[in-house]
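Have a look at the structure below before the remarks.
The values are calculated or read from the model by the stated rules, or taken from the named source; none is laboratory data. This one's a predicted model, so the numbers in the text were calculated from it and none came from an experiment. Reconstructed Cβ throughout: ideal geometry from the backbone, glycine too, with neighbour counts over all protein chains shown. All accessible areas refer to the heavy atoms of the entire protein, side chains included, with ligands and DNA or RNA removed. Shrake-Rupley method; radii C 1.70, N 1.55, O 1.52, S 1.80 Å.
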Amino acid sequence: MAYTEEVISNFNEEYSNVHQGLQDLVLKNVVAGHEIEDANAKEHLLYGAARRLSVIKKAVENIFTLFPPTIDRPLERDTLYDVQINLHAYVINISGIFDNWAWAFVQRHGLLEQVGGKHGVGLFKNQTAQFLPQILKEYLSSNTFVNWQKDYIKEYRDALAHRIPLYIPPAEFTTEEEELYNQLEAQKIDLIKQMDWVELDRTYAAQEDLGRPSFVFLHSYSKGVTNQVLFHPQVLCDGLAVIEFGNLFMKHWGISANRVAKGL
């Protein structure tokens, strides 16, 4: 399914917002990291959050360069692998950055013992969440954010790390194209057994000439088509979510509900 011109125009605008927003957030984390005295909080801001944000920003650049939403032919095999590599880096760092912010908060306010040690650290864990300022609690507990984190980020991060890595189908086919593609796929197995690498490359090339680009990604076929996620809009949505929460966190992370309750 190709994107419409209107959708592509919206992508371009949101891409600019994501790119600039991530860069600004990198700088906020770097500044805060240099200003904070606690060495552990400093480490999680400078070498955790800021580093992850830089990787996330570069992954977005690479994804939209290698796989522009205007493309009308399936990606070459190696290019598709490069896009998937960037998608993997993107998702794992989107997930991980929330842990860096959680650690920075816990360390800044000396809460490690009160949250029950390292296993209680996490913005999505009650042990840590109870100490967050109210505005962060409300954001993290909103239905939109809970669904995004639980049903998408955690699910896809866990699949990537522990089960089936995220995958972009090489193309979308008509019924006839799919039959031919599967015939070629069967031939590839025989060619590998015969170690006929020249003919194998020709077979790969023949497959790459079939169909249209697939603009979805997934991690397992076993759950069916409901497991497919639209690629470009999801990448932009994830980036905007990190930017929005990250800015809110940087504005309010100096306040602990525990300190407020004690009048500190």
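Just a few scattered comments:
- GNM on the chain, alpha-carbon springs under 10 angstrom: the most fluctuating residue among 103, 148, 197 is 197.
- Among 94-102, 173-181, the order from most to least packed when residues are scored by Cβ within 10 Å on average: 94-102, 173-181
- Judged by the ratio a/c of the largest to the smallest principal axis of the C-alpha gyration tensor, the range 46-106 counts as prolate, that ratio being 1.5 or greater while a/b is larger than b/c.
- When the Gaussian network model of the chain links Cα atoms closer than 10 Å, the mean-square fluctuations of 114, 84, 23 top out at 114.
- Cross-link partners of residue 118 among aspartates and glutamates, defined as those whose alpha carbon lies under 18 angstrom from its own and excluding same-chain residues fewer than eight positions apart: 38, 43, 99.
- Long-range HN-HN contacts of residue 216 with modeled amide H, under 5 Å: 231
- Here the range 137-201 and the range 4-31 have alpha carbon centers that stand 26 Å from each other.
- Based on the Kirkwood approach, the hydrodynamic radius assigned to the range 112-209 is 18.1 Å, with every pair of different Cα atoms included.
- Derived scalar couplings ³J(HN,Hα) [the range 164-176; Karplus, 6.51 cos²θ - 1.76 cosθ + 1.60; whole Hz; x for Gly, Pro]: 10, x, 5, 9, 10, x, x, 5, 10, 10, 6, 4, 5
- Summed over the residues of the range 51-144 and divided among them, the accessible surface reaches 47 Å² per residue at a probe radius of 1.4 Å.
- Once divided by 2.2 N^0.38 Å, the Cα radius of gyration of the chain becomes 1.20.
- Taking the square roots of 5 times each eigenvalue of the Cα gyration tensor of the range 44-164, largest first, gives ellipsoid semi-axes of 33, 15, 13 Å.
- Most positive-pole-ward Cα, 49, 95, 254, against dipole of the chain from beta carbon charges: 254
- Entries in 150/188; 28/125; 58/188; 58/137; 57/154 that, when Cα-Cα distance is taken, lie over 28 Å: 150/188; 58/188; 58/137
- Between residue 189 and residue 85, the simple spin-label model (points 7 angstrom out along Cα→Cβ) gives 2.9 nm.
- Taking each DSSP H run with n ≥ 4 as -39500 (n - 2.57) and averaging over every residue of the chain yields -20500 deg cm²/dmol at 222 nm.
- Scanning the chain for trypsin sites (Lys or Arg not before Pro) lying in DSSP loops with no more than 13 further Cβ atoms inside 10 Å, the longest uninterrupted stretch between such sites is 1-162.
- Each Lys and Arg contributes +1 and each Asp and Glu -1, all at the Cβ; summed about the Cα centre of the chain, the dipole is approximately 1740 debye.
- Here the Karplus relation 6.51 cos²θ - 1.76 cosθ + 1.60, evaluated at θ = phi - 60°, turns the backbone of the range 81-93 into coupling constants of 4, 5, 5, 5, 4, 5, 5, 4, 4, 4, 5, 5, 7 Hz, with x for every Gly and Pro.
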